[in-house]
Structures are given as C-alpha cells and as structure tokens.
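*Asks:* What follows is a structure written as structure tokens; I'll ask about it next.
The values are calculated or read from the model by the stated rules, or taken from the named source; none is laboratory data. Because the structure is a prediction, the values reported are computed rather than measured. Here the Cβ is made from the backbone with ideal geometry for all residues, glycine too, and neighbour counts use every protein chain on show.
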Amino acid sequence: PAFPIEYLLVTLTHGFPLEPHPAFRATEPFAVENREHLHNVQTLGALKRQIVGALDNSERLALVLADFHLLVYMFGLNLLGAEEVAMIGRVVSEPMEAAQRAEELMAMSGWQTLVLMLREAADTMAKQYKTIGDEAWKNSVEKVNAELFIFTYGSLVVQLLRDHEDCTAVNQQLDKLGYNIGVRLADDMFARTSLDRCSDIRATADVIAKIGFRMFLNTTPTVSLWTSDNEFSLLVEDNPLNDFCELPPRALGDGLWYSNVLCGVVRGALEMMHMQARVWFVRDVLRGDDTTEIRVRVERMLDEEVPAADE
Amino acid sequence: MVVVNNLYIFDRHCECIFYTEWNRTNSPLAAEAEAGRGSKDLVRGNQVLTGDTSSSRSSLDGQRPLVWPTTSTSTTHRVSAESLRNVVMEEEAKLVYGVVYSTRNIINKLNSKDSSQGGNPGGFTSFATNTYRLHYYEAPTGVKFILNTDVGTTSMQPVLEMIYRNIYVEYVMKNPLFRIDPKVSTPIENDYFRAVLNNYIREISSAAMPAS
C-alpha cells in the first residue's frame, strides 16, 4: 500500500547561550565510567577523596557535587535515600543557594551514612594491604641476615665506585642492577601473595609500599606527594641499606645515590606490570637531607602485546 | 585419574618459551626426533632417544619427556640453526596462542572487563572438546600457562597455580642466568625446572583424582 506522503515541519530551538551557566560546573572532574582502558577508574577511594576533602566547606561541597559522573556513581552505590537525592538535585540546580542546600544536605542522615561508609571503605583497602604485607613478611618469605645483606651491598657499591670512578656511571649501574632484580621480583611477589592486578595507580603505589617493600626489605615507606594522579613519592623512613654507611665527601660531591638500586627495582617491577615509569631519588639521608624520598612517575601504560599476524 | 597430555608456557611477548608433552599421539617433536635419529645420532635438547619407534609416546613411565624450544647452544653437535627450527611446532604454538588469546579476549569483552593490558578479569579457565580439555592460567605479570588433560578432569587451576608459584617462579624467575629482556624472548632451558615439573606432573597423574 502506498502511504500518502505528508510533511511535518518542526522548528527546533538550538544554539548556545551567549552566557553559559552550566549546572555541572565541577572544577576537578570525577572519573568517567567505562574508561578502564584509560586507567581512570571510578573507585570508592576517588569518591572519598573528592567528598571528604570538601566536607568542611559547604561551598566546595556544592561545587564537588556539581559533577554528573560523580553523581551517577554515587547514586549507583544505592546508599542515599530519595530525600537526599532530591536535596542533591537542588544543590546542583540552584547554584545561587548551593551552599545553603549543601549545609542542609550534610545534616541529613542518609548523607551522613554515606560519608561514614566512604571513610571506612577506603581505609579498609589500605588496611587490607597492610595486613597482607605483614602476613607475607611473617610467613611467606625466607629471611636472610640483614647485616650480611647490607655489607654485601655496601661492598658492591664500593667496587662499582672503584671500577667506574664517575658517580653518574655508578648510579646508572645500580639502576640497571635494580632493574634486573625488579623484573623478577614482581613474579616473586605474586607467587607469595594472593594479589591480583591493581585497578589504578594509587592502588599500585600502596601495594609497592605496603607489600613489596615490606616483604623484601621489612620497611614500609609512606606514599605521598601525589601530583597529577600518576606521580608520587615514596618516603622511606629507615632504609636498611643505610645502616653502617657513611658517604665520603667525594661521593657526596659527585652526586652518588647510594640506594639507587631501589629505583631500578621499582622501575623493573612496574614494567612487568605494564607500566613504564621513571623512578629517581630526590633526597637521601645519607647526603644530609632530613628524609629519603624516591619519586615515581608513571609515564605510560604499556599495552599487552598482540601476536604477530601471519602474512 | 588425571591424564596430563602437554603443557605450553607463553611469555608476555606472545612467544612460546616452553613446551613439553607426556602423552601425545602424532607429536611434531617425536616425528622430528625420529627423523633426526634416522640420519645421525643427534642429541636433541639434552636427550638421547633410544628404542622407541612408535609414533605415540607416553613418557610418564620412565623416559624423560621431550621439550621444546631448544636453542642451538644446547645441543652438543654443531648443526646449522636452520635444521634445529621445528617449524611444525612453531606453527602449532602460534595456533594455540591465537586460540587462547582470542577466547580470553572475547570472554573479557562479554564481561565488559576488557582492557588494553590484558589479564584475565573475565575468568577464562578452560574449554573442552571430545578428546581433551584445555586449562588456562594467566599470572598477573602476563605469563600464560596452558595445560591439556583428558576430558574428565574438571579443574586444574590449583595445579597451574602451583606450577606458576612454586616451579616457574622458583626455578626460572629466580635463576639469574635466565635473561629477561623487554625485546627478546628466551626459551626456558633449565634442567631443574624440567625435573621438578616432571616429578610434579607424575605425582598429580598417579594420585587419586582431586575432588572438584
């Protein structure tokens, strides 16, 4: 059958306002969902950071909540009741009175439950890593005499200095040594613990500090000084390699990083976990600084290799 | 009774760094070994084969199983590198890797957990055909273990994990002479590794079937 052809003309308004006033105006956007391959993952830890960091200032909280993806994620947790959802809607859609609405929101019980859960949830992940690290140190690792290890390492550095004379070359050698150790250490760590791949770089940093360092060196550095989500510092309080060690003035002057092997180890281990990173020493107590700081920057994620296609 | 047929180990660069078999008909390794034995007394991969002329081999009862790949430095006779490449075996390894890689990717995508770094978040553990069952285990660093057994065996995940944790990491990763290079794959040529692996598989095969 042939239908009569008719036309319906509709005018649609379109265009952009001269002065845009978007409702979703968050300055530090939350991670978008379904972007795991970009390694920008929505986690409770990220949510915690955004929200708990803004709890003291209702203006800031209103700003943080004005983020579509954050709201979707938060509602997806199913922790907020209908009242809280409605209030959040008002916080976002009434920017003039946002601060006031945010205050009202903070008083609501559902919201307080959410904040409590966030505080607990993110912490348990950290606690979990710590217990895994402690347990691994106690049970899964054969231990060797610390002094033997320290003195062996020390004599290795001394020998390298004699061979190379130049401290930059020695640093490079130590880094290479560390790299060869690191690529094997990743498998070793997985063999001894029941860990699986980490979802994002923050979790990786935690695992390196709380489990890796703890298992192999019996010291737990603190992860801090995050800049831009893929660069962080490991602050080592008591580096066992520094015991009994004193740097001669020549080495101090030339820029020797005594424990540079640690940088290589971290770099090698990260590479086995598909992350290409640059790892370097920033401060060292042996050189007179107040603390030992190793900086790690994950430059890019390495993709899994694809088998070569047959021609 | 668990009958273990063969084992492949692939490294992160999609290369087969180890293959061994205990129970296989028409194996490309056995065929090559026979052909080699016909012409001269070659030592292939530290083994001298004696006597066995049938094409099916079951080596859980005394003989050491054949292993692949071997590099030319491991044979004592100087033969050209060309004749040591077992092309049939190479192709087979590539095919097996391709099957496993694609299957794992499909499963990951269907679980919407795929990522460009691989891994096994979808949880591909095994598939079965009429004649055998293939078991797969991927370590977090990207090393892949593929074990073929008889159809009746349900899960060899604990076995594969054992092989990874206590045999591969112990004897391969911790061996300072095993070169790990981001660009080149080194085959595993380690007598301790082979011996421990054979003993372990022997134990598994003769123990009662584990409750699943």
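*Asks:* Conditions first: (1) modelled with pLDDT of 90 or more; (2) in contact with a strand residue (DSSP E or B) (Cβ under 7 Å, 6 or more places away or on another chain). A:G264 passes all but one, so which condition is the exception?
*Replies:* (2)
*Asks:* What pairs come up if the first residue lies in region A:89-103 and is surrounded by fewer than 14 Cβ atoms within 10 Å (Cβ to Cβ), the second is at pLDDT 80 or above, and their beta carbons are under 6 Å apart, counting only those six or more places apart or on different chains?
*Replies:* Every condition considered, no pair remains.
*Asks:* Take the residues in region A:156-192 that are within 31 Å of the chain's Cα centre (by Cα) and of a type in the set (K, R); name whichever of them is surrounded by the fewest Cβ atoms within 10 Å (Cβ to Cβ).
*Replies:* Among those that are within 31 Å of the chain's Cα centre (by Cα) and of a type in the set (K, R), it is A:K176.
*Asks:* Could you list all residues from region B:154-174 that are assigned to a loop (DSSP other than H, G, I, E, B) and within 9 Å of another protein chain (Cβ to nearest Cβ)?
*Replies:* The answer is B:K174, and nothing else.
*Asks:* In the set B:E189, B:E91, which member is over 19 Å from A:E304 (Cβ atoms) and away from chain A (no Cβ under 14 Å)?
*Replies:* Of B:E189, B:E91, the one residue that is over 19 Å from A:E304 (Cβ atoms) and away from chain A (no Cβ under 14 Å) is B:E189.
*Asks:* In addition: Among the residues of region B:80-128, how many are closer than 25 Å to B:V67 by Cβ, touching a residue at least 12 places away in the same chain (Cβ under 8 Å) and part of a loop (DSSP other than H, G, I, E, B)?
*Replies:* Total meeting the criteria: 1.
*Asks:* So, one more: Pick from region A:157-193 the residues that are of a type in the set (G, A, S) and without any contact (Cβ under 8 Å) to a residue 60 or more places away in the chain: which of them is farthest from the other protein chains (Cβ to nearest Cβ)?
*Replies:* Once the filter is applied, the top-ranked residue is A:A169.
*Asks:* Would you confirm whether any residue within region A:240-261 is at negative phi, within 14 Å of chain B (Cβ to nearest Cβ) and touching a Leu at 6+ places or on another chain (Cβ under 9 Å)?
*Replies:* The answer is no, given that none of the residues of region A:240-261 is at negative phi, within 14 Å of chain B (Cβ to nearest Cβ) and touching a Leu at 6+ places or on another chain (Cβ under 9 Å).
*Asks:* With the requirement that a residue be farther than 17 Å from A:F213 by Cβ, of a type in the set (D, E) and away from chain B (no Cβ under 11 Å), what does region A:267-311 give you?
*Replies:* A:D289, A:D290, A:E299, A:E311
*Asks:* Would you check if there is a residue in region B:119-141 being touching a Pro at 6+ places or on another chain (Cβ under 8 Å) and either away from chain A (no Cβ under 12 Å) or crowded, with 19+ Cβ neighbours inside 10 Å (or both)?
*Replies:* The answer is yes, given that some residue of region B:119-141 is touching a Pro at 6+ places or on another chain (Cβ under 8 Å) and either away from chain A (no Cβ under 12 Å) or crowded, with 19+ Cβ neighbours inside 10 Å (or both).
*Asks:* Has region B:192-210 got any residue that is within 13 Å of chain A (Cβ to nearest Cβ), β-branched (V, I, T) and either surrounded by 15 or more Cβ atoms within 10 Å (Cβ to Cβ) or in contact with a Leu (Cβ under 7 Å, 6 or more places away or on another chain) (or both)?
*Replies:* For region B:192-210, residues within 13 Å of chain A (Cβ to nearest Cβ), β-branched (V, I, T) and either surrounded by 15 or more Cβ atoms within 10 Å (Cβ to Cβ) or in contact with a Leu (Cβ under 7 Å, 6 or more places away or on another chain) (or both): absent.
*Asks:* In this structure, is A:E142 under 16 Å from A:L217 (Cα atoms) and surrounded by fewer than 18 Cβ atoms within 10 Å (Cβ to Cβ)?
*Replies:* For A:E142, the condition - under 16 Å from A:L217 (Cα atoms) and surrounded by fewer than 18 Cβ atoms within 10 Å (Cβ to Cβ) - is met.
*Asks:* Across region B:137-151, what is the number of residues that are part of a loop (DSSP other than H, G, I, E, B) and either hydroxyl-bearing (S, T, Y) or touching a residue at least 60 places away in the same chain (Cβ under 8 Å) (or both)?
*Replies:* Final tally of qualifying residues: 4.
*Asks:* Give the residues of region B:155-180 that are buried (at least 17 other Cβ atoms within 10 Å of the Cβ) and within 25 Å of B:V99 (Cβ to Cβ), sorted by residue number.
*Replies:* Passing the criteria: B:M156, B:V159, B:L160, B:I163, B:Y164, B:I167, B:Y168, B:V172.
*Asks:* Return the only residue of A:E83, A:E94, A:E33 being within 14 Å of chain B (Cβ to nearest Cβ) and of a type outside the set (F, W, Y).
*Replies:* Exactly one of A:E83, A:E94, A:E33 is within 14 Å of chain B (Cβ to nearest Cβ) and of a type outside the set (F, W, Y), namely A:E33.
*Asks:* On to the next question. For A:R214, indicate whether it is assigned to a helix (DSSP H, G or I), surrounded by 20 or more Cβ atoms within 10 Å (Cβ to Cβ), in contact (Cβ under 8 Å) with a residue 12 or more places away in the chain and within 14 Å of chain B (Cβ to nearest Cβ).
*Replies:* Taking the combined requirement at face value, the residue does not satisfy it.
Results for (1) farther than 28 Å from A:F244 by Cα; (2) touching a Lys or Arg at 6+ places or on another chain (Cβ under 6 Å); (3) at pLDDT 80 or above, shown as yes or no for each residue.
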position	(1), (2), (3)
A:D67	yes, no, yes
A:S93	yes, no, yes
A:E120	yes, no, no
A:V144	no, no, yes
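*Asks:* I need a count of the residues in region A:140-182 that are of a type in the set (A, V, I, L, M, F, W, C) and assigned to a loop (DSSP other than H, G, I, E, B).
*Replies:* Matching residues across region A:140-182 total 2.
*Asks:* Kindly evaluate B:N111 against the criterion of being over 19 Å from B:R24 (Cα atoms), surrounded by fewer than 14 Cβ atoms within 10 Å (Cβ to Cβ), within 17 Å of the chain's Cα centre (by Cα) and within 12 Å of chain A (Cβ to nearest Cβ).
*Replies:* For B:N111, the condition - over 19 Å from B:R24 (Cα atoms), surrounded by fewer than 14 Cβ atoms within 10 Å (Cβ to Cβ), within 17 Å of the chain's Cα centre (by Cα) and within 12 Å of chain A (Cβ to nearest Cβ) - is not met.
*Asks:* Here's something else I'd like to know. Does region B:184-198 contain any residue that is farther than 29 Å from A:L302 by Cβ, more than 15 Å from the chain's Cα centre (by Cα) and among the aliphatic types (A, V, I, L, M)?
*Replies:* no
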